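K.L.:
Please find one structure pasted underneath; my questions will follow.
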Amino acid sequence: MAEKKLIVSSSPHLKGGASTTAIMWNVVLALLPAWVVGIYYYGPRAVWLTLISIVAAAATEAVIQLIRKVPVTALDGSAVITGMLLAFNVPPGVPWWMVVIGSAIGVGIGKQVFGGLGHNPLNPALVGRAFLMASWPVHMTTQWILPRGGSLSGAVGIDAITSATPLSVLKLSRTAILDPSSTPEIVEKARASVEAIYSAWPQAMIGNIGGCIGEASAIAILIGGLYLIIRGFSDWRTPLTYIAGVALLGWIFGGAEGLFTGNVMFQIFTGGLFLGAFFMATDMVTTPITKKGRWIFGLGCAVLTVFIRRWGGYPEGVSYSILIMNIFTPIIDRHTRPRVFGQSSKKAGQ
Amino acid sequence: MKDILKPGLILMAYGIIAGLALGLVNSMTAPKIAAQEEAARMAAIEEVLPTATVFETKTEGDFEYIVGYTEESKAEIAGFVVTALGNGFSSTIRTVVGVNTDFTVAAIEIVYQSETPGLGTKAVELDDPTKEPWFERQFDGLPPSDINVDKDGGKLRSITGATITSRAIARSVAITVEKLKTTVGSSLEQEPTEEVIDSTNDIEIVEEGGVE
Amino acid sequence: MSKKVSIFKDFTKGLLVENPTLVLALGLCPTLAVSSSAINGLGMGVAATFVLVMSNIIVSLIRPLVPAKIRIPIFIVVIATFVTVVKLVMAAYTPALSEALGIFIPLIVVNCIILGRAEAFASKHGVLRSAADGLGMGLGFSLTLILLGSFRELLGNGSIFGANIMGASYQPAIMMILPPGAFLSLAMMVAASRWILEKTSKGGNS
């Protein structure tokens, strides 16, 4: 009988009895609400783009495992998750070959090259996305689709901003407001844009805004995320710290006019934060095992996300924050190892 | 002591020989290199101000600009040439700007940039070498007030996916031309008009309310 | 007779079996940085080969005049002199290529291949053999750069040596001409060369 081994970098293993396959397919289940919402807003494209991505991911996994002469686990659910997450992280209008390449690179270079499930240091879907972002930046930043019944930025009525996603509007407006050589009219317009997108945060929460397929509706993601937490498949600490961290730091640093002018609701509901916090920052292989480690991970992601949004060249920072924190996971794990009873403490004279 | 001195002297000997060899090669190539750089500079200047034949560099404070005359006698000014520096995405972009006497842009030529290939470099790259560089051509004839990307209210179409690059070029050109306008405009006005004496000023017209 | 054979071997080993970039892992920094296009790779390869051959010859010639203690600084003086000569000549006669390669021409000085071969080979062998070694290593380096450059240029720009190969509708993967693409491509080439070496050493032993 073929064993389904869950390979983690150190013990303890996850809650009793759950095999890798069961966990993975539950994650897929948890992603379904977000997919359904994405389909509602962006149409049939959201369906087949995701399907193509899934097929590409699984196929790549199978092919590489055949070459490596190891058991083929393409249908254990992890490749499917990678495929789904990759499709959820790209603009809905991108050409089909991009998700194929993204998934293939994600599974191939992000996972298989390191030895397969359990050995990868970085989140495979994000590796694929990073590759796409660096290779075809124009596609990845402009091929949005108007959500059904809404506008790209969520706001209505101001033409200049209806063609950009909320966070890009924020970044452009902030640059205009803080630039000393901007004319008063430009600053006025920018302020109005910021007001408009801030007041549109309910749209961001429901999903009525522009963005990638999977980041549309925070509520749908929340439902899935809570399901996983309640069933014990993922840890509540990371999403909580991440989102709370972004809320706080986003308020302090994320505003368009200087310190303490950020809009908390806007910051947490835009830009795929929920998707990242619940589904990627909780990936068991690439994030810390220890409880304390998970607080640190979530916090680190929050700091990086806000900083990239504020000072980085991209309007969105979730993907890169998680990738960077992935790199720190081994160090975090090493330094947050719980002390075993019976060993003397390092404090002198005790 | 000896085993520090001897190797030290030997190393020095090598250094001297190397230095002599380099000096020789340098003296042979330096004129050619200087000529190359000057040629490139002149090529850009002539490109952006084709109506001028004689050029003179002027400095006002720390602002340097070139005046172009139509002929040797320097009787008529064809226009000006300035260099604009803009903070692009990954490099400082240097643009040579030809300016007409009415301070509209004659033409620009981007002489140095190191932006993202395929994005910012579209400012100078052409998919088809026989086509015109559309981004640079947009500037022809624009007054400084119109030199801005469309997103900021100007007339320039920015490069898709390279807003920062487009903006940097537009802003730097606009600001530099404005600077030229204020610098030259004032000195242009001072020269002839100072000579004219306003004869009406001899009679002082005292308005009402002389005491308060 | 045997001397001729060994000189030939000195030359050919640099091409694959002891390829400086793929096997000895020397000179990776300029390899990664300059291989964004085939022509850049070629230009860099030729320049580096020239410096390598000349420096190997000189280092071999001055062997009796180099006290062991200060041999490294002396080698560096020799190498730096040649590189500066190359830089000046290129700036004067091939300005476009010189600008394209930019700072990487002066960086040939610290290209480990050159110092590495000076120390490991030229300082211990005769002039003819050192020249052969330099030529072989330089050629191996150049071939690697050209292959790598072509691969990256093809995927990242749709062309090879500037000639459009992939057609107008090809959307180039820009990352391939950026640093991450360099690392990935180099990794693939190293993997491929290991595979070839393993296959040929297995097959050759029958």
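The values are calculated or read from the model by the stated rules, or taken from the named source; none is laboratory data. The structure presented is a predicted model; accordingly, all values stated were derived computationally and were not measured. Cβ sites come from the backbone with ideal geometry, for glycine too, and all protein chains shown count toward neighbours. To get the accessible areas, we keep the full protein, side chains included, count just its heavy atoms, and leave off ligands, DNA and RNA. Shrake-Rupley method; radii C 1.70, N 1.55, O 1.52, S 1.80 Å.
K.L.:
Relative to the Cα centre, what is the charge dipole magnitude of the range B:41-189, using +1 at the beta carbon of each Lys and Arg, -1 at the beta carbon of each Asp and Glu, and rounding to the nearest 20 debye?
P.N.:
That gives a dipole near 500 debye.
K.L.:
Also, quick follow-up: Here are some pairs, B:LYS155/B:LYS181; B:LYS58/B:LYS155; B:LYS6/C:LYS13; B:LYS32/B:LYS181; A:LYS111/C:LYS13; which of them have Cα atoms lying more than 27 Å apart in this structure?
P.N.:
Check vs 27 Å cut-off fails for B:LYS58/B:LYS155; B:LYS6/C:LYS13; B:LYS32/B:LYS181; A:LYS111/C:LYS13.
K.L.:
Sticking with this structure for a sec: For the range C:70-206, what's the relative contact order in percent, using C-alpha pairs closer than 8 Å and at least 6 residues apart?
P.N.:
The value is 14 percent.
K.L.:
Provide a whole-number value for the mean count of partner chain Cβ atoms within 10 Å of the Cβ atoms in peptide B:162-171.
P.N.:
1
K.L.:
Given Cα positions, please report Rg to Rh for the range C:144-206, the hydrodynamic radius being the Kirkwood one.
P.N.:
Here Rg/Rh amounts to 1.15.
K.L.:
Could you run the Debye sum over the Cα atoms of the range B:47-116, one equal point scatterer each and no solvent, and tell me log10 of I(q)/I(0) at q = 0.20 Å⁻¹, two decimals?
P.N.:
-0.81
K.L.:
Bin all alpha-carbon pair distances of the range A:188-235 at 10 Å intervals from 0 and give each bin's fraction as a whole percent.
P.N.:
25, 33, 27, 12, 4
K.L.:
What are the equivalent ellipsoid semi-axes of the range C:112-183, built from the alpha-carbon gyration tensor (square roots of five times its eigenvalues), in whole angstrom, biggest first?
P.N.:
Rounded to whole Å, the semi-axes are 37, 13, 5.
K.L.:
A further question follows. Which helices, counted as full DSSP H runs in chain C, have an axial Cα extent of no less than 18 Å and a Kyte-Doolittle average of 0.0 or above?
P.N.:
In chain C, the long hydrophobic H runs are C:38-61, C:71-93, C:127-157, C:179-203.
K.L.:
From the mean inverse distance of alpha carbon pairs (Kirkwood) and the Cα radius of gyration, derive Rg over Rh for chain A.
P.N.:
1.00
K.L.:
Out of the total accessible area of the range B:41-189 (probe 1.4 Å, heavy atoms of protein only), what percent is carbon and sulfur?
P.N.:
Carbon and sulfur atoms account for 49 percent of the accessible area of the range B:41-189.
K.L.:
Return the Rg/Rh value of the range C:34-86, two decimal places, where both radii are evaluated on C-alpha atoms and Rh is the Kirkwood radius.
P.N.:
Rounded to two decimals, Rg over Rh is 1.11.
K.L.:
Dipole magnitude of the protein assembly as shown about its Cα centre, charges +1 at Lys/Arg Cβ and -1 at Asp/Glu Cβ only, in debye to the nearest 20?
P.N.:
Roughly 6740 debye, rounded to the nearest 20.
K.L.:
Now, a different point. What's log10 of I(q)/I(0) for the range A:263-312 at q = 0.17 Å⁻¹, Debye sum over Cα points only, no solvent?
P.N.:
Log10 of I(q)/I(0), two decimals: -0.55.
K.L.:
Looking at the protein assembly as shown, send over the antiparallel percent of its DSSP beta bridges, to the nearest 5.
P.N.:
95 percent
K.L.:
Right, something else. Which whole-number percentage describes the relative contact order of the range A:45-143, with Cα contacts under 8 Å and a sequence gap of 6 or more?
P.N.:
30 percent
K.L.:
Restricting attention to the alpha-carbon atoms of the range C:3-205, what are Rg (one decimal) and Dmax (integer), both in Å?
P.N.:
17.8, 62
K.L.:
Follow-up question, since we're still on this one. When you have a sec, figure out the Kirkwood radius of the range B:41-189 from all distinct Cα pair distances and drop it here in Å to one decimal?
P.N.:
The Cα-based Kirkwood calculation yields 15.5 Å.
K.L.:
I need the P(r) histogram for the range A:22-142: all alpha carbon pairs, bin width 5 Å from 0 out to the longest distance, whole percents.
P.N.:
Bins of 5 Å from zero give 2, 13, 23, 24, 20, 11, 5, 1, 0 percent of pairs.
K.L.:
For the protein assembly as shown, what is the largest minus smallest coordinate of the Cα atoms on each principal axis, given in angstrom and ordered from greatest to least?
P.N.:
On the principal axes, the protein assembly as shown reaches 109, 98, 69 Å in Cα extent.
K.L.:
Before I look further, what does chain A give for accessible area per residue, probe 1.4 Å, in whole square angstrom?
P.N.:
Value returned for chain A: 44 Å² of accessible area per residue.
K.L.:
On to the next question. Karplus couplings for the range A:254-269 from phi (6.51 cos²θ - 1.76 cosθ + 1.60, θ = phi - 60°), rounded to Hz, Gly and Pro as x?
P.N.:
Calculated HN-Hα couplings, in order: x, x, 8, 10, x, 5, 6, 10, x, 9, 4, 4, 4, 4, 7, 8 Hz.
K.L.:
Also, quick follow-up: What number results when the radius of gyration of the range A:212-297, computed over Cα atoms, is divided by 2.2 N^0.38 Å?
P.N.:
1.13
K.L.:
Count, for each residue of A:104-112, the Cβ atoms from other chains sitting within 10 Å of its Cβ, then give me the mean as a whole number.
P.N.:
Partner-chain Cβ atoms within 10 Å, mean over residues of A:104-112: 1.
K.L.:
Still on this structure: Applying a 10 Å radius around every beta-carbon, put A:276-287, A:35-46, C:183-194 in order of their mean neighbour count, most first.
P.N.:
By packing density, highest mean first, the sequence is A:276-287, A:35-46, C:183-194.
K.L.:
To the nearest whole number, what is the average tally of beta carbon atoms from other chains within 10 Å of the beta carbons of peptide C:76-86?
P.N.:
Taking the mean over all residues of the peptide, I get 3.
K.L.:
Then there's this: At 222 nm, what helix-only mean residue ellipticity would the protein assembly as shown give, in deg cm²/dmol to the nearest 500, using -39500 (n - 2.57) for each DSSP H run of four or more?
P.N.:
Counting only the DSSP helices, I get -18000 deg cm²/dmol.
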